[in-house]
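S.K.: Have a look at this one.
The values are calculated or read from the model by the stated rules, or taken from the named source; none is laboratory data. Source: prediction; values computed, not measured. Note that we place each Cβ from the backbone using ideal geometry, even for glycine, and neighbour counts take in every protein chain shown.
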Amino acid sequence: MLIEALIPSLRETIAGWRDEGARVAFVPTMGNLHEGHLSLVREARRRIGSEGRVVASIFVNPLQFGANEDLDAYPHTPEEDVAALEAEGVDLLFRPEEAELYPNGRESQSIVEAPAALTNILCGASRPGHFRGVTTVVAKLFNIVQPDLALFGEKDYQQLAVLRRMVADLNMPIEIIGVSTVREADGLAMSSRNGYLSEDERHIASGLQRSLRELAARIEAGERDYEELLEDGRAMLELVGFEVDYLELRRADDLAEAGSDDHALILLAAAFLGRARLIDNLLITI
Ligand code: PAF
């Protein structure tokens with residue numbers, strides 16, 4: 001596996017592959033890789049084939065962290081990450097320093113912003129500016145790598161929706177692929193932030209997905225008073241020890257409020273357990 005930290009040498013390598021006719025699949029990450037990330041890499045290889053090239057990136061993007069968030073504490077496991085990507089047959093890892101991506105400083109970077117209707121709700125409501133940071137860095141990475149396809153986890157469902165919208169609105173010739181969430185045996189969605197959980201919190205954590213399943217079962221059984229249902233869901237989560245940030249039912253395609261005529265729905269939740277902010281979601285078709 002090649003490891004590049006600088007944009008010009010990365011471009012040169014990828015241009016060489018393109019001259020040979022290879023297509024490129026791209027998996028952007030912030031490192032501290034777990035099975036969820038590795039499933040993106042495997043899906044990238046499956047789709048691009050043995051003739052294609054798989055590029056991954058690791059960059060803990062300061063632009064997408066708020067002032068009171070966990071940027072400084074964000075877990076770094078560079079050696080394990082390199083070994084895991086190498087074992088999966090990744091062709092190239094792009095691992096830039098902050099100055100390579102933001103040479104004029106974070107504050108004076110041109111930004112890319114998706115519509116507020118998608119970015120100011122759910123995680124965007126409690127993390128102002130978060131999605132602007134994500135779209136800005138992903139647009140830069142797309143311009144640097146120029147992949148044919150890029151893969152993102154469905155655990156960050158809103159991020160996936162925001163990035164699909166950015167690519168469509170800005171006519172980026174990149175296919176965005178969402179990959180199913182990888183879960184621990186008890187249903188907890190894999191996340192770098194699970195490492196913040198104490199042993200007791202870890203036991204409670206799987207209750208997030210369990211609660212979403214219970215609520216989904218009620219919707220599938222015909223319940224349509226969504227406000228009452230969500231109130232019950234929030235109470236259920238608080239009761240087992242979560243501090244609920246949001247629990248919402250939305251339309252699966254554009255994340256607008258779900259109405260009684262909608263059939264493709266998604267339950268989305270964010271909740272704190274101690275210092276860990278966990279997110280999860282569940283698609284429902286009725
Ligand atoms: O999902 C993530 O890890 C990050 O938001 C991403 C897409 C790599 C951008 O920094």
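S.K.: State whether one or more residues within region 135-143 are more than 13 Å from the ligand (Cβ to nearest atom), of a type in the set (A, V, I, L, M, F, W, C) and either part of a helix (DSSP H, G or I) or on the phi > 0 side of the Ramachandran plot (or both).
M.R.: no
S.K.: Now for a different question. Please go through region 255-278 and pick out each residue that is modelled with pLDDT of 95 or more and either closer than 18 Å to LEU163 by Cα or basic (Lys, Arg) (or both).
M.R.: Passing the criteria: LEU255, ALA256, ILE266, LEU268, ARG277.
S.K.: Every residue in region 252-286 that is under 16 Å from LYS155 (Cα atoms) and basic (Lys, Arg), please.
M.R.: ARG277
S.K.: Scan LEU63, LEU40 and give me the residue that is within 12 Å of the ligand (Cβ to nearest atom), at pLDDT 95 or above and out of contact with any strand residue (DSSP E or B) (no Cβ under 7 Å at 6 or more places or on another chain).
M.R.: After ruling out the rest, the residue left standing is LEU63.
S.K.: Looking at (1) surrounded by fewer than 18 Cβ atoms within 10 Å (Cβ to Cβ); (2) within 19 Å of the chain's Cα centre (by Cα), can you tell me which one ASP280 breaks?
M.R.: It fails just one condition, (1).
S.K.: Over 24 Å from the mean Cα position of the chain (by Cα) and either at negative phi or hydroxyl-bearing (Ser, Thr, Tyr) (or both): is that true of ASP245 in this structure?
M.R.: Working: over 24 Å from the mean Cα position of the chain (by Cα): no; either at negative phi or hydroxyl-bearing (Ser, Thr, Tyr) (or both): yes.
The answer is no for ASP245.
S.K.: Then there is this: Can you pull out every residue in region 92-134 that is more than 16 Å from the ligand (Cβ to nearest atom) and of a type in the set (Val, Ile, Thr)?
M.R.: If the condition is that a residue be more than 16 Å from the ligand (Cβ to nearest atom) and of a type in the set (Val, Ile, Thr), then ILE121 is the only one that fits.
S.K.: Determine which single condition ARG23 fails, assuming it passes every other condition in (1) under 22 Å from ASP280 (Cβ atoms); (2) over 20 Å from the mean Cα position of the chain (by Cα); (3) not polar (S, T, N, Q).
M.R.: The number of the failed condition is (1).
S.K.: Regarding region 43-58, can at least one residue be identified that is modelled with pLDDT of 95 or more, within 26 Å of ARG193 (Cα to Cα) and among the acidic types (Asp, Glu)?
M.R.: So far as region 43-58 goes, yes, one or more of its residues are modelled with pLDDT of 95 or more, within 26 Å of ARG193 (Cα to Cα) and among the acidic types (Asp, Glu).
S.K.: Among GLY259, GLY187, which is the only one that is within 29 Å of GLY31 (Cβ to Cβ) and not hydrophobic (A, V, I, L, M, F, W, C)?
M.R.: The unique qualifying residue is GLY187.
S.K.: Please pick out the residue among SER211, SER260 that is hydroxyl-bearing (Ser, Thr, Tyr) and assigned to a helix (DSSP H, G or I).
M.R.: Among SER211, SER260, only SER211 is hydroxyl-bearing (Ser, Thr, Tyr) and assigned to a helix (DSSP H, G or I).
S.K.: Shifting gears a bit: Inside region 147-201, can you point out the residues that are β-branched (Val, Ile, Thr) and either in a strand (DSSP E or B) or within 12 Å of the ligand (Cβ to nearest atom) (or both)?
M.R.: Result: VAL162, ILE176, ILE177, VAL179.
S.K.: Among the residues in region 49-60, are any in contact with a Gly (Cβ under 6 Å, 6 or more places away or on another chain), under 30 Å from GLU248 (Cβ atoms) and within 12 Å of the ligand (Cβ to nearest atom)?
M.R.: Checking region 49-60: not a single residue is in contact with a Gly (Cβ under 6 Å, 6 or more places away or on another chain), under 30 Å from GLU248 (Cβ atoms) and within 12 Å of the ligand (Cβ to nearest atom).
S.K.: Select from region 14-32 the residues that are assigned to a loop (DSSP other than H, G, I, E, B), out of contact with any Phe, Trp or Tyr (no Cβ under 7 Å at 6 or more places or on another chain) and either surrounded by 16 or more Cβ atoms within 10 Å (Cβ to Cβ) or of a type in the set (A, V, I, L, M) (or both) and list them in ascending order.
M.R.: Matches in region 14-32: ALA22, GLY31, ASN32.
S.K.: While we're on this one: Which residues, counting only those in region 160-172, are buried (at least 21 other Cβ atoms within 10 Å of the Cβ) and either of a type in the set (Lys, Arg) or under 12 Å from the mean Cα position of the chain (by Cα) (or both)?
M.R.: At the first step, the residues of region 160-172 found to be buried (at least 21 other Cβ atoms within 10 Å of the Cβ) are 161-163, 166.
Those that are buried (at least 21 other Cβ atoms within 10 Å of the Cβ) and either of a type in the set (Lys, Arg) or under 12 Å from the mean Cα position of the chain (by Cα) (or both): ALA161, VAL162, LEU163.
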